[in-house]
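Chemist: One structure is given below, represented as structure tokens, and several questions about it will come after.
The values are calculated or read from the model by the stated rules, or taken from the named source; none is laboratory data. In this text, all values refer to a predicted model and were calculated from it rather than measured experimentally. Don't worry about glycine lacking a Cβ; one is built from the backbone with ideal geometry, like all the others, and counts go over all protein chains shown.
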Amino acid sequence: MCRLCESRFPNWAVVHGQRRSLSHRKYCLDCSAWGGHNTRQLEQPPPTHDPSRWLRCSRCKQVKPLEEFYRRRDGRRPQSWCKACNLEQRKRRSHADRYAALLHYSGGDIRCACCGERTMEFLGLDHVNNDGAAHRLALFNRRSGSGMFYTWLRTSGYTYAHLVVACHNCNMARGLYGRCPHQAL
């Protein structure tokens, strides 16, 4: 029986025109081709050689090398989730923070305050007083700190009042030209 796909395979087969014995193989010919030394690159080696260098992710339940885990702030032990699971959770949390901020600042009806656009991917928050760069610089003490802006809004309890939901077109037009073309109509 194949250890990967758990299918039964015969004791012998014709490979490259010759009859070959498959009785000592661990994997079928579909999972491990003939001449590949009956190894499967996708299978990670068991942590038998040095168990201190391997750890099981508590989220995906896979055994991975320690390099696949972030270190805690104290530096002594790794986190319990692997880097891939951490990234997936950060993305999910970032999307949730963004949605919650848009929902709060739109008053429950998520759409652009200028043109009425409702597509979530096109919407963002616009600083009413045109002080977005200065506000981010004061908050994060660096120019590219906007990635944490929605998280900061959530942790601060949405106390910053000078924001409005706007689509990226209206937001950029206000930033570049001082007003949106929709306001001229």
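Chemist: Can you pull out every residue in segment 126-147 that is within 21 Å of residue 167 (Cα to Cα), part of a helix (DSSP H, G or I) and either of a type outside the set (Ser, Thr, Tyr) or modelled with pLDDT of 80 or more (or both)?
Modeler: 132, 133, 134, 135, 136, 145, 147
Chemist: Considering every residue within segment 86-101, establish whether at least one is over 28 Å from residue 59 (Cα atoms) and either crowded, with 17+ Cβ neighbours inside 10 Å or under 20 Å from the mean Cα position of the chain (by Cα) (or both).
Modeler: No, the conditions are met nowhere in segment 86-101.
Chemist: Would you tally the residues in segment 114-124 being in a loop (DSSP other than H, G, I, E, B) and under 18 Å from residue 158 (Cα atoms)?
Modeler: Of the residues in segment 114-124, 0 are in a loop (DSSP other than H, G, I, E, B) and under 18 Å from residue 158 (Cα atoms).
Chemist: May I ask you to list the residues in segment 107-121 that are closer than 23 Å to residue 176 by Cα, surrounded by 14 or more Cβ atoms within 10 Å (Cβ to Cβ) and either among the aliphatic types (A, V, I, L, M) or under 27 Å from the mean Cα position of the chain (by Cα) (or both)?
Modeler: 111, 112, 113, 117
Chemist: Another question, then. If you scan segment 53-64, which residues turn out to be closer than 20 Å to residue 89 by Cα and surrounded by 11 or more Cβ atoms within 10 Å (Cβ to Cβ)?
Modeler: Selection gives 55, 56, 57, 58, 59, 60, 62, 63, 64.
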